[in-house]
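Down below is the structure, laid out as structure tokens.
The values are calculated or read from the model by the stated rules, or taken from the named source; none is laboratory data. Everything quoted here is computed from the prediction, not taken from an experiment. We place every Cβ from the backbone using ideal geometry, glycine too, and count neighbours over all the protein chains shown. The accessibility values were calculated without ligands, DNA or RNA, using every heavy atom of the protein model including side chains. Shrake-Rupley method; radii C 1.70, N 1.55, O 1.52, S 1.80 Å.
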Amino acid sequence: MSTPEIDKDELGRILERSGHQLTPAQIEAILPGAAIFRRMVERVNAPLPREAEPALIFDVEQGR
Amino acid sequence: MSILTIAEAASQIAARKLSPVELAEAQLERIRRLDPAIDSFLLVTEERALADARAAEARQMAGTLRGKLDGIPIAHKDIYGTAGIRTTAHSKLLEHNVPTRDAHTVKKWADAGTVMLGKLATHEFAFGGPSFDLPWPPARNPWNREHFTAGSSSGTGAAIAAGLILGGTGSDTGGSIRGPAALCGIAGIKPTYGLSSRTGILPLAFTLDHAGPMAWTAEDCALLLQGMAGHDPEDPASVDRPVADFTAELGKGVKGLRIGVVRHFYETDHRASDATRAGIEGALDFFRREGAEVRDITLSPAADYHAVGYLLMVTEAYTLHAPWLRERFTDYGELFRDRVALAATVSGPDIVQAMRRRRVLCLEMTAAMENLDILVSASQAGEAPRIADVPKWANMEKPSFTMPFNVTGFPAISICTGYGEGGLPVAVQLAGKPFGEPTLFRAAHAYEAAMPWRKRRPSMCD
């Protein structure tokens with residue numbers, strides 16, 4: 001899976017959509033971290049084995 | 001008065017050879033003299049300390065001491081709620097916050113007779129630091145005040161190393177107890193998830209937060225954890241099971257223990273310094289020599305654990321802080337606000353994937369430990385860097401050695417393994433099975449007792 005690098009405009013749009021009214025300088029200050037963070041998100045999204053199914057958390061037969 | 005460990009002070013108090021009031025007064029004098037150089041305290045509660053000490057001394061004279069923590073001077077990280085005493089999270093947003101009740105663990109330590117000296121510096125809300133744009137300066141490393149303490153339990157690490165307190169509270173979401181323990185040359189344990197209550201402690205990330213003690217020695221950590229652990233119905237993660245005797249295995253040595261070394265964490269995934277690796281090898285040599293079985297094991301890359309833990313940590317923190325981040329963005333320090341704002345870029349599927357991967361990693365570590373008692377790896381990559389040189393994104397750029405045990409909830413302790421080229425401490429991390437704290441204390445205590453490191457304090461203490 002390939003995750004593109006994030007740019008300042010995209011980061012600004014995402015933050016604005018989340019309700020943050022930040023200045024260009026404030027967005028610029030977050031940008032280097034956003035690029036590193038994207039690589040972490042990419043790593044988390046690598047394919048997983050079947051036992052990682054979160055449905056296993058809920059046991060239908062036992063109702064819990 | 002020389003600097004005592006908790007075990008030493010407790011023994012002398014029990015024998016009526018040490019006055020809790022005189023001990024408290026000596027510690028307060030040390031704080032007045034030394035803390036201006038290291039800024040470990042945000043608030044010194046002198047009246048409260050002397051009142052606590054007088055009460056302990058009355059029990060001492062009456063022969064009604066409550067145990068080994070009675071009369072012991074401690075302080076709390078300033079995210080631990082203290083009734084009637086300012087609790088700020090080192091943040092402008094809570095600059096005037098005064099809780100109406102003690103955190104569960106604060107009350108437990110008070111009930112055990114501890115003497116509270118004050119509230120300690122932290123990274124803002126236990127995450128953003130070292131920061132120079134907050135109402136108070138960051139704590140500095142007593143081994144060299146130009147150097148970092150690590151965080152977020154920075155004040156606790158600095159105050160213990162400087163001998164200002166005998167023990168203190170920390171919290172650990174990705175390494176915030178073990179990091180400062182490593183860089184300040186003390187001991188600090190992140191207990192098993194659920195062993196100690198988080199009620200009344202300002203949260204960072206619900207599923208990763210752990211409350212734990214820090215002290216000069218592993219033995220002292222065992223004594224402090226004994227006074228801290230236990231079921232609390234108000235914390236949904238708190239486990240309802242009998243609390244072990246954490247000192248029960250001290251003195252048993254390490255013979256027969258099965259130790260796995262996660263060498264790839266600190267040799268290839270994130271290569272630690274020569275001094276750190278030499279310190280770990282020295283500890284492994286000691287364990288082998290004393291009859292432990294030592295062998296290398298392989299887990300997923302440290303970066304896998306780090307990515308899962310970091311993504312969940314900032315997202316859970318964002319869940320708590322989003323309203324203030326929207327309305328009071330610049331009231332936060334730059335480091336906290338910019339790191340936590342990253343969570344706005346995370347999608348729902350990303351979170352589900354992180355939770356799924358977390359389960360895989362928990363299963364992996366459980367399987368790896370089936371025939372082991374202890375896992376060994378680094379605690380920090382090297383000696384403390386200069387505080388002015390810590391990069392803004394340092395905690396993201398390289399995988400953490402401590403985060404794997406927040407992701408899985410397994411207990412882990414950091415202990416000092418000597419000093420590097422710069423004269424600053426280096427450390428090793430020992431991790432155990434869930435609720436395996438007695439075994440961790442056993443191994444850590446055996447190592448500390450055999451090594452000279454606990455006999456040396458920072459030169460500022462001379």
Looking at (1) open to solvent by 30 Å² or more (accessible area, probe 1.4 Å); (2) part of a helix (DSSP H, G or I); (3) farther than 27 Å from B:GLY188 by Cβ, which is the one condition that is false for B:LEU325? (1)
Can you pull out every residue in region B:344-382 that is assigned to a helix (DSSP H, G or I) and in contact with a His (Cβ under 9 Å, 6 or more places away or on another chain)? B:ALA344
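Residues are listed down the side, and each one gets a yes or a no for (1) within 12 Å of chain A (Cβ to nearest Cβ); (2) surrounded by 14 or more Cβ atoms within 10 Å (Cβ to Cβ); (3) over 23 Å from the mean Cα position of the chain (by Cα):
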| residue | (1), (2), (3) |
| --- | --- |
| B:ARG359 | yes, yes, yes |
| B:CYS362 | yes, yes, no |
| B:ALA368 | no, yes, yes |
| B:VAL376 | no, yes, no |
| B:ILE387 | no, yes, no |
| B:PRO391 | yes, no, no |
Within region B:316-325, tally of residues that are more than 10 Å from every other protein chain (Cβ to nearest Cβ) and either among the aliphatic types (A, V, I, L, M) or in contact (Cβ under 8 Å) with a residue 40 or more places away in the chain (or both): 5
Could you list, in sequence order, all residues of region B:43-92 that are surrounded by fewer than 24 Cβ atoms within 10 Å (Cβ to Cβ), in contact (Cβ under 8 Å) with a residue 12 or more places away in the chain and of a type in the set (Ser, Thr, Tyr)? B:THR45
Pair list, Cβ < 9 Å and 6+ apart or interchain, from region B:326-338 residues that are at negative phi and within 11 Å of another protein chain (Cβ to nearest Cβ) to residues that are open to solvent by less than 20 Å² (accessible area, probe 1.4 Å) and part of a helix (DSSP H, G or I): B:PHE329/B:ALA341; B:ARG337/A:ILE30; B:ARG337/B:HIS321; B:ARG337/B:LEU325; B:ARG337/B:PHE329; B:ASP338/A:ILE30; B:ASP338/A:GLY33
Selection within region B:230-276 - basic (Lys, Arg) and either touching an Asp or Glu at 6+ places or on another chain (Cβ under 9 Å) or open to solvent by less than 50 Å² (accessible area, probe 1.4 Å) (or both): B:LYS255, B:ARG258, B:ARG263
If I ask for residues that are in a helix (DSSP H, G or I) and either in contact (Cβ under 8 Å) with a residue 12 or more places away in the chain or within 15 Å of B:TYR332 (Cβ to Cβ) (or both), which ones from region A:16-35 would you list? A:PRO24, A:GLN26, A:ILE27, A:GLU28, A:ALA29, A:ILE30, A:LEU31, A:GLY33, A:ALA34, A:ALA35
Using the structure shown, decide if A:ARG17 is at pLDDT below 95 and exposed (fewer than 11 other Cβ atoms within 10 Å of the Cβ). no
